[in-house]
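The values are calculated or read from the model by the stated rules, or taken from the named source; none is laboratory data. From a predicted model like this one, the values you see are computed outputs, not experimental measurements. We place every Cβ from the backbone using ideal geometry, glycine too, and count neighbours over all the protein chains shown.
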Amino acid sequence: MDKNKTKIKQFDGSLFPSADVLNRLAISENGFIFDPASGNSFTVNQTGLLIIDLLKKEPDHKKALASIQHQFNVSSTTLERDVLEFARTLREWLGIP
Amino acid sequence: MVRHTMTDKKITVAITGMNARPDNPGPGLAVARCLRESTKFTGRIIGLGYDALDPGLYLKDYCDSTYLLPYPSTGDDALISRLREIQEFEKIDVLIPCLDAELPGMVRLVPLLNEMGIKTFIPTAEQLQLRNKHRLTEIASIADINSPETTSITNSRFFLDCQSKGWSYPLVVKGLFYDAKVVNSPEEGIEAFKNIASEWGFPVLVQRLIKGQEYNLAAVGDGKGNMLGAVMMKKMAITDKGKAWAGVSIFDQKLHDASAAIIKSLRWQGPLEVEIMRDQQGQYHLIEINPRFPAWIYLSVGVQTPVVHSLVDLALGKTPDNLANPATGILFIRHAVEHTIPISDFEAIVTNGKHCLNKQVE
């Protein structure tokens, strides 16, 4: 096992939009996302699509992150930092204060 | 219950507000377009305008005949006299007023219009008063949302010392019936005051600017407290005057519930547009309630919610069809189009105030 793949110890899942919010999004295969509540639209890459898909299916964000870490060769520190940044951007795009 | 819809007989609907100027269109042409494209409507459409260059007066795709009306400032007698002349030719069944400035006069004339056989479904005088721009705070509290502080002024000196009284720039200067301008300095404030007062009269309203994303809702109140339609959209691009140039249909629960609460509380009768601003903290602010369909109402066709059709049914005393929830994610994009018309058409409007576009019924 890659030594960088340390266990994810703590992650504040509340920073992510709720599953209800993620489930209302219209998401195309190309990563184009439309939020029917805010009217905002934006695009994400394949990694972003994967993260959103996992978070919709897995209410335990820590498990979702572990699954992402399993698929990418990345340290837990880097993963948490990047995912938290993605969460912040998602909240901004979706108009969540 | 047996439902009766407009397909029962061919009816004639007159629509005002044919001033579809590209940067700041009146809603009339969009309302006519909604009806014309309705599969259930096979009647005639009469376009009513105030200026010989109102584009809708010349568009035969949407109007069968068109007429000029006297400006609202000329008074009720001139308006009813003109409508009597038009009624002799057209046998209008339903009239849909689409401009803020004409609503007070139209409301006063409802009994006379009824006598002439012209049905309307518009707010009462009391309802019109309640939604006045300077009473936003009362209405916002009904809807359980905020509203920007608004004050009425009659003198442009307000802008010289307003900052010392807590009114810091930028501010929004608004006409009593229409128009709004964001101003950033005393000079801009005074200029906006003069322009708006000269066009819309006194008082002029000054409102604190709320920064955020604007969302609008168009619906019909059935006069019993129920909201029909509820087409919602987010503005995606605006003109210099802040009018929507592009938008997308949405469903915002809080906007829906706030609008339903307003309609229920006022027992609103007729069309309306609710404008709200959602600030960066997620707070909702009621900006305005317009007692008519908005110029973007054609989006109702795109989202398959024929709310204009419902209004006509209500005016005729019929029970409108149940409306499906509007689809989300439908965009509208405005564009400017030039139409060429023979000078004789222009002549007909200028000299007779009348133009028959559909020769079959002339």
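Listed values, structure above:
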{"item": "Filtered residue count, the range B:261-274, keeping only those that are surrounded by 19 or more Cβ atoms within 10 Å (Cβ to Cβ) and either aliphatic (A, V, I, L, M) or within 18 Å of B:Ile145 (Cα to Cα) (or both)", "result": "6"}
{"item": "Residue in the range B:239-265 that is modelled with the highest pLDDT, counting only those that are away from every other protein chain (no Cβ under 14 Å) and not in a helix (DSSP H, G or I)", "result": "B:Trp245"}
{"item": "Single residue of A:Leu90, A:Leu79, A:Leu84, A:Leu55 found to be in a helix (DSSP H, G or I), without any contact (Cβ under 8 Å) to a residue 60 or more places away in the chain and more than 14 Å from chain B (Cβ to nearest Cβ)", "result": "A:Leu55"}
{"item": "Whichever residue in the range B:293-309 is aliphatic (A, V, I, L, M) and either within 14 Å of chain A (Cβ to nearest Cβ) or over 15 Å from the mean Cα position of the chain (by Cα) (or both) and, among such residues, is farthest from B:Ser259 (Cα to Cα)", "result": "B:Val301"}
{"item": "Qualifying residue in the range A:15-24 (condition: within 12 Å of the chain's Cα centre (by Cα), modelled with pLDDT of 90 or more and more than 16 Å from A:Leu79 (Cα to Cα))", "result": "yes"}
{"item": "Strands (runs of 3 or more DSSP E) lying entirely in the range B:34-145 (those with 3 or more residues that are of a type in the set (A, V, I, L, M) and buried (at least 20 other Cβ atoms within 10 Å of the Cβ))", "result": "B:44-49, B:94-96"}
{"item": "Test: B:Leu331 is surrounded by fewer than 22 Cβ atoms within 10 Å (Cβ to Cβ) and within 12 Å of another protein chain (Cβ to nearest Cβ)", "result": "yes"}
{"item": "Residue under evaluation B:Asn290, criteria (1) more than 16 Å from the chain's Cα centre (by Cα); (2) within 18 Å of B:Thr137 (Cα to Cα); (3) more than 9 Å from every other protein chain (Cβ to nearest Cβ), criterion not met", "result": "(1)"}
{"item": "Check on B:Met232, within 14 Å of another protein chain (Cβ to nearest Cβ) and out of contact with any Leu (no Cβ under 8 Å at 6 or more places or on another chain)", "result": "no"}
